[in-house]
Amino acid sequence: MHKKGFTLIEVLLVVIIVGVLAAIVIPRVLYTKKQAQQEACKANISAINAQLELYNLMEGGWPSPDSAIFVVGSYFPDGSPECPFGSTYAIDAAKHRVTIHSHP
């Protein structure tokens, strides 16, 4: 008479294999997420800078540094882009550009 089921060794082997796979996959997924956030931030900066250029062409001058991010925000139907890391974008008054900023 044979009983159906798994032995303790088989179960332990599966647990070890799943643990090894998780140890390989989880850090890779976390790295990929951070990389995607950095690329999204760069894309947002490019979009804001393009809208600053458009504002300059349409209005014949640059917005004031205090109101620039709000003026540019009106060029985006869903509101100003936000940094995926929660940082705020600052416009350099001398260059009339948002510069790349660091993230944690």
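Every number here is computed from the coordinates shown, using simple stated rules; none is lab data. Every value quoted in this text rests on a predicted model; they were computed, and no experiment measured them. Reconstructed Cβ throughout: ideal geometry from the backbone, glycine too, with neighbour counts over all protein chains shown.
Multiply the residue gap between Ala50 and Ile16 by 0.36 nm, knock off their C-alpha separation, and tell me the result in nm, one decimal place.
Contour length minus Cα-Cα distance gives 7.1 nm.
Rounded to the nearest 0.05, what FRET efficiency do Arg97 and Gln35 have when you use their Cβ-Cβ distance and R0 = 25 Å?
0.60
Using a 7 Å offset from the Cα along the Cα-to-Cβ direction at both Ser74 and His2, what is the distance between the two label points in nm, to one decimal?
7.9
Just to check, using Stokes-Einstein with a Kirkwood Rh over alpha carbon pairs, what's the diffusion coefficient of the chain at 37 °C and 0.692 mPa s in µm²/s?
188
Return the sequence-ordered ³J(HN,Hα) values of the stretch 11-26 in whole Hz as given by the Karplus equation 6.51 cos²θ - 1.76 cosθ + 1.60 applied to θ = phi - 60°, using x for Gly and Pro.
Karplus-based 3J(HN,Hα) across the stretch 11-26 equals 5, 4, 4, 5, 4, 5, 4, 5, x, 5, 4, 5, 5, 7, 7, 4 Hz.
May I ask you to give the average projected area over all directions of the convex hull of the Cα atoms of the stretch 1-58, in nm² rounded to one decimal?
Averaged projected area of the stretch 1-58's Cα convex hull equals 6.2 nm².
Give me the percent relative contact order of the chain, please, defined on Cα pairs under 8 angstrom at least 6 residues apart.
Computed over the chain, the figure is 23 percent.
What's the local net charge at His103, with K and R +1, D and E -1, over the other residues with C-beta under 14 Å away?
With Lys, Arg at +1 and Asp, Glu at -1, the neighbours total +1.
Name the residues whose placed amide hydrogens come within less than 5 Å of the amide hydrogen of Val98, ignoring near sequence neighbours (fewer than 5 apart) on the same chain.
It is Asn49, Asp92, by chain and number.
If the reach is capped at under 16 angstrom between alpha carbons, list the aspartates and glutamates near Lys95, excluding any in the same chain fewer than eight residues apart.
Within the straight-line limit of under 16 Å, Lys95 reaches these aspartates and glutamates: Glu53, Asp66.
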